[in-house]
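Visitor: Here's a structure for you.
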Amino acid sequence: MKDLSLLAKLLAEEDIHVVHKQQPTATFDVLNRELALPIWKDMPKNIQDLFTLHEVGHALWTPLEMMDKIKEQKISHSVCNVLEDVRIEKAVQLKYRGAVKIFNNGYQELISSNFFQTLDKDISNYNLIDRINLHYKHHSDVIFSDEEMVWVKKANQTITSDDVIELAKELIAFIEENPESQGKTPNTDDLMVPDMDGTPMSDNSDQDENDVADQEYKMPSAGDSEESEENSDDKKSGDSDETDDESEETDEKKSSAGSEKSDEDSDDKSETKDVTVESASKGGGDGDFNITATTDNASVKSVEDMLDKDAGTYNYSTIPKVDLKKVVVPTNEILDIFKNHYLDEKKSDSTYWDKVLEEFNKTKSDSKKAVSYMVKEFEMKKSADAYARSMTSKTGTLDMGKLHTYKYNDDLFAKVTTLPGAKNHGLVLFLDWSGSMAHNLVGTMNQLFNIIWFCNRTQIPFEVYGFSNVFNRKMGSLAGYAQKFKSGDLVLNVSLLKFFSNKMKTQEQNDMMFYLYMFASRWSYRDWRTDGYPYYEPASLALGSTPLNDTIICAMDLVPEFKKSAGVQKMHTVFLTDGASNSIHNRFVIYDRNGTICNDQQSIGWGTQVFTDVKSGNKTSSKDFGKHGRDYQTKMLLSLLKKRVPDMNVVNFFVAGGGRKGAVKYNDIRDVIDYSMVQSYYEINELVKKCNKDNVLIVPKGQGFDVTYILPGPNKFDMNTELELEDGVTYNKGQLKRAFGKMSNGKTANRPLLNNFIKMVA
């Protein structure tokens, strides 16, 4: 399907949105520029290409109103369809050189497979319209009388859809007046079969593809169907030279609903009666007409048999272009909100302020030594890794220090050690700012601050964002969404709170840490049930739900921009969460209502979801969306993110434990781990025990991430990592070794977030 989509885009010469739907024929939405192709099964590639070429031809050149005109004038649909197929297929072959071969090979295979139900049948007994159809479908056994050949040529000379309709009426009248054209075998002596330009040829199947491809393309678009009566009369005469002159004039007018590419033409599109162009190849509906093309009706039945009716429903959405100026709340704005709010709270009661400040300073002091220790660990790991990858080679220069050993040593040349170039790393961390994080926030802040202090010391560029759906609740119109409007785009509801970056001043960083610690401490206040919360949080920065999937889409624009501006070679994108994401439920649509262009939202629906990243051209899909929709969305969007940003680790730190003890339980990780890792309740419980013991459970490829680190609740970690020795007690060598080992292990074990981040970048 991807190949067909690309082919259709190239043929249409615009960035139309190509989708596949459970429908018998192709349709083209002129407002949304969406070409919908049927879902075919077990179809050879050359036939797929033929059908795609054919349907693109209808999308480009069959106008909206043609089917209505046919019904109003009570003309046989199948007759009109045969003649319209000739017109649009001629246009396709004149415009695209490679199409001639595709049509010839494709139709030959269709004929051999009895697509038109002509096998073992005498083609001469078919009526004239059926033989015209088979002739232009590259059937080699079609014969015509001299009188009938005039109509064969006329079919090849139509320029507009109105020409097709007029020719259909004239042809039907001719067939009704000439019974011999309804099945009588004509005289075939010296009969020559014409090619696409009306020139006779001896064998249709041996047609040179350049015969058509070298002609100048002069086919008008779907909108240019109105012509003067004088020109119409000239065309009816069948004079091919006059027709060519007229087509040159028509060429000057081509560009309308089927082929226009400019967004500025939306006003013109709104004047159409219908939004969707239905392919003229649908056929059928000729029960009340004496003259009908049985081969056309047979092809419709054959196409229906080729449809993959078990494919289910495909729902297509595109990744929006995020307006980062709208979605990112700047650091200075957040600081102003915090400062104004908490200073007002302090005026009424400074006791709580002083208490939190004291706790924050203690946390900062306790972590200072531990972070310094881990910086040294990081430098040692980095050096060890570089040494392991180093290469030693000999030079052509004598080592004068070894020259005296020449009698017993062959290695007298100087050596050089080459260290491979290390990549500079960068970090973007997205912090879950949801209500379920509330009672883990203090511990989470401690872990987060450790990473920030570490990055400061090691000069690793970083940015930290809280993702929330609360800050932008005041936005109720389309203009308020954090993205540029485009039909088919997923609707986002997220704001990114930019808490930290390596470009912040030290004072700004300290202020932000203190206010976040103040915010977090509210939820750990033990007397809130009796005394109430001392300080309430700022309303615009309150905890909300979990728009993780929305954030992943934002990261597709944000992370590349950060990587470029920071000059980073190796990216680490970290999502710190404690639960599954909200589902993205809607996409934007454009539709025509009473002649007015309307922008709205619609549900993305159930069934197989297909997400297209228009910027990169990548697609991803997932079945059974309705069962576990948000999980599928997360995996799909992560796959697109990783394709958008090469050489990047996408990591999930999942806070599974809760409560004051922070212990992990069975239900906390059951849905997080990959079920391929476990087979039973017992195995999951063993993993739970391991997580609580080691303070981390590493899950490769969990939920679409490169790696998921499942952590107990941060409140479990005792940040006291001092050397535990009692005064006045004499310790032997072994006891001192164990005490120092316990202290060292505590420095890392109590900081699992930082510890595992170091392992990634070392």
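Visitor: Search the range 533-575 for residues being modelled with pLDDT of 90 or more and among the acidic types (Asp, Glu), and hand back the single one that is farthest from Met760 (Cα to Cα).
Guide: Among those that are modelled with pLDDT of 90 or more and among the acidic types (Asp, Glu), it is Asp550.
Visitor: Restricted to the range 684-715, and to residues that are among the hydrophobic types (A, V, I, L, M, F, W, C) and part of a helix (DSSP H, G or I), which residue is surrounded by the most Cβ atoms within 10 Å (Cβ to Cβ)?
Guide: Result: Cys691.
Visitor: Related question: Please pick out the residue among Ser348, Ser367 that is free of Cβ contacts under 8 Å to residues at least 12 places away in the same chain, more than 30 Å from Glu561 (Cβ to Cβ) and out of contact with any Asp or Glu (no Cβ under 6 Å at 6 or more places or on another chain).
Guide: So the residue among Ser348, Ser367 that is free of Cβ contacts under 8 Å to residues at least 12 places away in the same chain, more than 30 Å from Glu561 (Cβ to Cβ) and out of contact with any Asp or Glu (no Cβ under 6 Å at 6 or more places or on another chain) is Ser348.
Visitor: Out of curiosity, is Ser603 modelled with pLDDT under 85, in contact with a His (Cβ under 8 Å, 6 or more places away or on another chain) and loosely packed, with under 13 Cβ neighbours inside 10 Å?
Guide: yes
Visitor: Considering the range 294-327 alone, what residues qualify as being without any contact (Cβ under 8 Å) to a residue 40 or more places away in the chain and farther than 21 Å from Ile47 by Cβ?
Guide: Lys325 - this is the single residue of the range 294-327 that is without any contact (Cβ under 8 Å) to a residue 40 or more places away in the chain and farther than 21 Å from Ile47 by Cβ.
Visitor: Return the residues of the range 536-554 that are over 18 Å from Val328 (Cβ atoms) and of a type in the set (D, E, K, R); say none if nothing qualifies.
Guide: Result: Glu537, single match.
Visitor: Oh, and also: Which residues, taken from the range 47-91, are under 22 Å from His138 (Cβ atoms), modelled with pLDDT of 90 or more and not small (Gly, Ala, Ser)?
Guide: Val79, Cys80, Asn81, Val82, Leu83, Glu84, Asp85, Val86, Arg87, Ile88, Glu89, Lys90
Visitor: If a residue has to be under 24 Å from Leu50 (Cβ atoms) and either under 47 Å from the mean Cα position of the chain (by Cα) or not hydrophobic (A, V, I, L, M, F, W, C) (or both) to count, how many in the range 138-151 make the cut? Before the answer, list the steps.
Guide: Filtering the range 138-151 for residues under 24 Å from Leu50 (Cβ atoms) gives 138-142.
If we keep only those that are either under 47 Å from the mean Cα position of the chain (by Cα) or not hydrophobic (A, V, I, L, M, F, W, C) (or both) as well, we get 138-141.
Residues flagged as under 24 Å from Leu50 (Cβ atoms) and either under 47 Å from the mean Cα position of the chain (by Cα) or not hydrophobic (A, V, I, L, M, F, W, C) (or both) within the range 138-151 amount to 4.
Visitor: Would you pick out the residues in the range 485-499 that are farther than 15 Å from Ile604 by Cα and touching a Leu at 6+ places or on another chain (Cβ under 8 Å)?
Guide: Those that are farther than 15 Å from Ile604 by Cα and touching a Leu at 6+ places or on another chain (Cβ under 8 Å): Phe485, Leu496, Leu497, Phe499.
Visitor: Just one of (1) surrounded by fewer than 16 Cβ atoms within 10 Å (Cβ to Cβ); (2) at pLDDT 65 or above trips up Asp296, so point out which.
Guide: Among (1) surrounded by fewer than 16 Cβ atoms within 10 Å (Cβ to Cβ); (2) at pLDDT 65 or above, Asp296 violates only (1).
Visitor: Could you check, for the range 327-341, whether at least one of its residues is at pLDDT below 90 and either within 16 Å of Tyr517 (Cβ to Cβ) or not aliphatic (A, V, I, L, M) (or both)?
Guide: No.
Visitor: Here's a follow-up. Between a first residue in the range 543-556 that is of a type in the set (Val, Ile, Thr) and a second residue that is part of a helix (DSSP H, G or I), which pairs have beta carbons less than 8 Å apart while being 6 or more apart in sequence or on different chains?
Guide: Thr546/Ser436; Ile552/Thr634; Ile552/Leu637; Ile552/Leu638; Ile552/Leu641; Ile553/Leu637
Visitor: Which of the residues belonging to the range 580-595 are more than 17 Å from the chain's Cα centre (by Cα) and outside any strand (DSSP E or B)?
Guide: Ala580, Ser581, Asn582, Asn594, Gly595
The values are calculated or read from the model by the stated rules, or taken from the named source; none is laboratory data. Everything numeric here is computed off the predicted structure, so don't read it as measured data. Methodologically, a virtual Cβ is constructed for each residue, glycine included, from the backbone with ideal geometry; neighbour enumeration extends over all protein chains shown.
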